[in-house]
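What follows is a single structure, written as structure tokens, with notes after it.
The values are calculated or read from the model by the stated rules, or taken from the named source; none is laboratory data. Being a predicted model, the structure only gives us computed values, none of them experimental. Reconstructed Cβ throughout: ideal geometry from the backbone, glycine too, with neighbour counts over all protein chains shown.
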Amino acid sequence: MTEATEAAVPTGRERVAADARARGLDVEFVEHGPAGSLEGAAAALGVEPSSVVKTLVVKHKDGSFLFALVPGDRQISWPKLRALIGVNKLSMPDQHTAFDATGYERGTITPLGSSTPWPVYADERVAGKRVSLGAGEHGVTIFVDADALTESFGAVVADVTEPIADPR
């Protein structure tokens, strides 16, 4: 690859910004250091853990994917998500498959600027909040109005999560 070609390839952050602009979304990029936990990340960003939204890539058995927007303090409820979609099997792909499906590494994934525009399913608990989520690059997050984000994707907003099980 030549230097000119390398310069022409947009960064994850640039892809997110361009898609947000195209959707009329107001996003704020915030750079941050590594966080050892959800609580640490939330504290560093000055938000509650529930406002740190994980964008999870979910694989259908037919090989297609979807994005699940999950509050940081919750996890996907597989029975709820399967029932909503009307399928009996969904899974989490490995990191390489998730990258191939989105163009983003784990920890940076967002539906904004994804290399393929997969359907978006958002847990109803993100509604009405300003949330942070992946920005396409490590060490960067975006803040965005969750309602505007889900509306811009025509997302299905429903109860698709459950509390994180106590590991004890």
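Mind listing just one residue for me: the one in segment 99-145 that is assigned to a helix (DSSP H, G or I) and of a type outside the set (A, V, I, L, M) and, of those, farthest from ASP62 (Cα to Cα)? Quick ask: steps written out before the conclusion?
From segment 99-145, those assigned to a helix (DSSP H, G or I) are 99-102, 124-126; that's our starting set.
Then drop every residue that is not of a type outside the set (A, V, I, L, M), which leaves 99-100, 102, 124-125.
Numbers: PHE99: 18, ASP100: 16, THR102: 17, GLU124: 26, ARG125: 29 Å.
The selected residue is ARG125.
Taken together, the residues in segment 62-71 that are closer than 9 Å to VAL160 by Cβ and exposed (fewer than 15 other Cβ atoms within 10 Å of the Cβ) amount to 0.
Checking each residue in segment 94-127 for being surrounded by 17 or more Cβ atoms within 10 Å (Cβ to Cβ), among the β-branched types (Val, Ile, Thr) and at pLDDT 95 or above picks out THR102, ILE109, THR110, VAL120, VAL126. Which pairs turn up if I take residues in segment 146-166 that are farther than 24 Å from ASP19 by Cα and modelled with pLDDT of 95 or more and look for partners that are aromatic (Phe, Trp, Tyr) and surrounded by 14 or more Cβ atoms within 10 Å (Cβ to Cβ) with beta carbon separation below 6 Å, at least 6 apart in sequence or on another chain? Filtered contacts from segment 146-166: VAL160/TYR121. Screening GLY33 on (1) outside any strand (DSSP E or B); (2) within 22 Å of VAL156 (Cα to Cα); (3) out of contact with any Pro (no Cβ under 7 Å at 6 or more places or on another chain) shows it passes everything except condition (2).
Among residues belonging to segment 146-168 that are touching a helix residue (DSSP H, G or I) at 6+ places or on another chain (Cβ under 7 Å) and assigned to a helix (DSSP H, G or I), point out the one that is surrounded by the most Cβ atoms within 10 Å (Cβ to Cβ). Restricting to residues being touching a helix residue (DSSP H, G or I) at 6+ places or on another chain (Cβ under 7 Å) and assigned to a helix (DSSP H, G or I), the top hit is ALA146.
Checking each residue in segment 33-64 for being in contact (Cβ under 8 Å) with a residue 40 or more places away in the chain and hydroxyl-bearing (Ser, Thr, Tyr) picks out SER50, SER51, THR55, SER64.
Determine which single condition THR141 fails, assuming it passes every other condition in (1) at negative phi; (2) in contact with a His (Cβ under 7 Å, 6 or more places away or on another chain); (3) surrounded by fewer than 19 Cβ atoms within 10 Å (Cβ to Cβ). Looking at each condition in turn, THR141 falls short on (3). Among the residues of segment 65-98, just one is under 13 Å from the mean Cα position of the chain (by Cα) and part of a helix (DSSP H, G or I), namely ALA98.
On the given criteria, is GLU39 at pLDDT below 95 and surrounded by fewer than 15 Cβ atoms within 10 Å (Cβ to Cβ)? Don't jump to the end; show me each part of the working.
Details: at pLDDT below 95: yes; surrounded by fewer than 15 Cβ atoms within 10 Å (Cβ to Cβ): yes.
Answer is yes for this residue.
Annotation: of all residues in segment 72-87 being in contact (Cβ under 8 Å) with a residue 12 or more places away in the chain and loosely packed, with under 15 Cβ neighbours inside 10 Å, the one that is nearest to LYS54 (Cα to Cα) is LEU84.
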